[in-house]
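Heads up: the structure comes next, in structure tokens.
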Amino acid sequence: MKPLYFIDGIEEKLTEYFTHNFPDELSDLASRVYMDEVNDIEIQTLETSNEGMRIIGYANMSVKLEYEPSDDQAEMYESFPVEFDITLDSSQEIKEVNKFLIDTATYYE
């Protein structure tokens, strides 16, 4: 299914935001968890105003998981589906995360 909307650079903005505001849900998955990228964004709703944009959609969040002991260098990459609702300001920077849900159920299967 082709996305309804496209915003240039939104993947990079979400990746940067969640690198600095790491979701707590991911911290329990391994000894160390690092943000890789947010990709495959599907924007479902886009509302614009003079103050900015509200964007509601889905994406995948890829992370690097490192396990103890660190000598073994046991690591793997995982990708999890996310649902988001964010507000961008007039300069298209993330102003607020209204909703963010990450589904880590596949990790435990």
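Values in this text are rule-based calculations from the coordinates and carry no lab data. Since this is a predicted model, take the numbers as computed values, not measurements. We place every Cβ from the backbone using ideal geometry, glycine too, and count neighbours over all the protein chains shown.
Quote to one decimal, in nm, the extra length available between TYR67 and GLU16 on full extension: 0.36 nm per residue of separation minus the C-alpha distance between them.
Result for the pair: 16.0 nm of gain on full extension.
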Item to check | Test item: Cα-centred dipole of the chain, Lys/Arg +1 and Asp/Glu -1 on Cβ, debye | outcome: 440
Checklist outcome for this item: The simple spin-label model distance between THR87 and ILE7, using points 7 Å out along Cα→Cβ, in nm, is 1.3
Checklist entry - By a straight-distance test (C-alpha under 19 Å), which aspartates and glutamates pair with LYS95 as possible cross-link partners, with residues fewer than eight away in the same chain excluded? => result ASP8, GLU11, GLU12, GLU16, GLU47, GLU51, GLU83, ASP85
Next on the checklist: Contact order normalised by length for the chain, with contacts defined as Cα pairs under 8 Å and 6 or more residues apart; what percent is it?
Outcome noted: 22
Checklist entry - Just going by the charge dipole of segment 10-108, with Lys and Arg at +1 and Asp and Glu at -1 on Cβ, which of ASN21, SER79, TYR108 is farthest out on the positive end? => result ASN21
Checklist entry - Taking the Cα atoms only, what angle lies between the long axis of helix 10-20 and the longest principal axis of the chain, rounded to 10 degrees? => result 50
